[in-house]
């Protein structure tokens, strides 16, 4: 299934940069947009201490506004010299899903960085317009003078997670949903993931968490933390609406083996206390963390489970500083830290 020419590094591989798309769509956080830019400032500050940060902004006015926010920020980690703003318009802030999917392509003895231009249709056409979001990879490829390859398939970055050793995690609820690629079979989807990401085996989970408008992105449930280890969100309360789906996914994953027949190490990640806004269940999850060069940024939700999740992830990443970021406001937009970040790997 894998194409030896293409290889997608795991998130923990060395980064050149992290990409963000600055938030501006008030409807994504109805009645609660005001604190969201401040969360992005905090994210960018921690990330800038680790690597370059590249931010998509709509126009010159937004560029000046964002620069002023950074100028006024007292955050001690902030490295303004590592933050770069680009006038690349977006419809929304979810850069994980519309941003560039960088891979390496082997051409003889050379290795080059390539952007895979998956199609983006706003999670099955849920939110229009989405034409600017769909154009982001092409515009960044033009900006960076990088080759662009187009598989002809809808795929969001939050729908997949890779271990850098031939395995990919995803969910049936999302990738097999007819609102994404109705003309492609499961086997055809696997072939395209294999060809363009260098994947040898796909590990399929089932349903996503409550409140997730993406139809079940895997980055709210299960993530590789090294080539043989996966952390997976598990709900222990039988009365919680996430209990059955997450228990089933845990059992599935415990039964998975890699392409060489070896079992995976599976670690349970707690779920936060249920979080609601205006009576709506929000897709709060600790699995939506982001791995940067020197830090791991973990969403927190003002509950006792925050500390348990941070401690577990610090054990998984002993050589990185694990930092909790309060995402109680950010998640009202139905996403957290991983949803708004996109890594650009450094060439080996």
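The values are calculated or read from the model by the stated rules, or taken from the named source; none is laboratory data. A quick note: this is a predicted structure, and the numbers were derived from the prediction, not measured. Cβ: placed from backbone, ideal geometry, glycine included. Neighbour counts: every protein chain shown.
Annotations
- Test: residue in the range 56-65 that is within 14 Å of residue 19 (Cβ to Cβ) and in contact with a strand residue (DSSP E or B) (Cβ under 9 Å, 6 or more places away or on another chain): yes
- Within the range 293-330, the set of residues being more than 16 Å from residue 43 (Cα to Cα) and outside any loop (DSSP other than H, G, I, E, B) comprises 305, 306, 307, 308, 309, 310, 311, 312, 313, 314, 315, 316.
- Members of the range 308-325 found to be under 16 Å from residue 271 (Cα atoms) and exposed (fewer than 14 other Cβ atoms within 10 Å of the Cβ), listed by number: 311
- Of everything listed in (1) at pLDDT 95 or above; (2) more than 22 Å from residue 344 (Cα to Cα); (3) over 19 Å from the mean Cα position of the chain (by Cα), the single unmet condition for residue 123 is (3).
- Test: residue in the range 140-148 that is modelled with pLDDT of 95 or more, in a strand (DSSP E or B) and under 17 Å from residue 199 (Cβ atoms): no
- Single residue of 64, 5 found to be modelled with pLDDT under 95 and more than 19 Å from residue 294 (Cβ to Cβ): 5
- Test: residue in the range 150-159 that is closer than 28 Å to residue 22 by Cα, out of contact with any strand residue (DSSP E or B) (no Cβ under 9 Å at 6 or more places or on another chain) and assigned to a loop (DSSP other than H, G, I, E, B): yes
- Being surrounded by 16 or more Cβ atoms within 10 Å (Cβ to Cβ), touching a helix residue (DSSP H, G or I) at 6+ places or on another chain (Cβ under 6 Å), part of a strand (DSSP E or B) and in contact (Cβ under 8 Å) with a residue 40 or more places away in the chain is true of residue 170.
- Of all residues in the range 113-129 being under 21 Å from residue 54 (Cβ atoms) and touching a residue at least 40 places away in the same chain (Cβ under 8 Å), the one that is surrounded by the most Cβ atoms within 10 Å (Cβ to Cβ): 116
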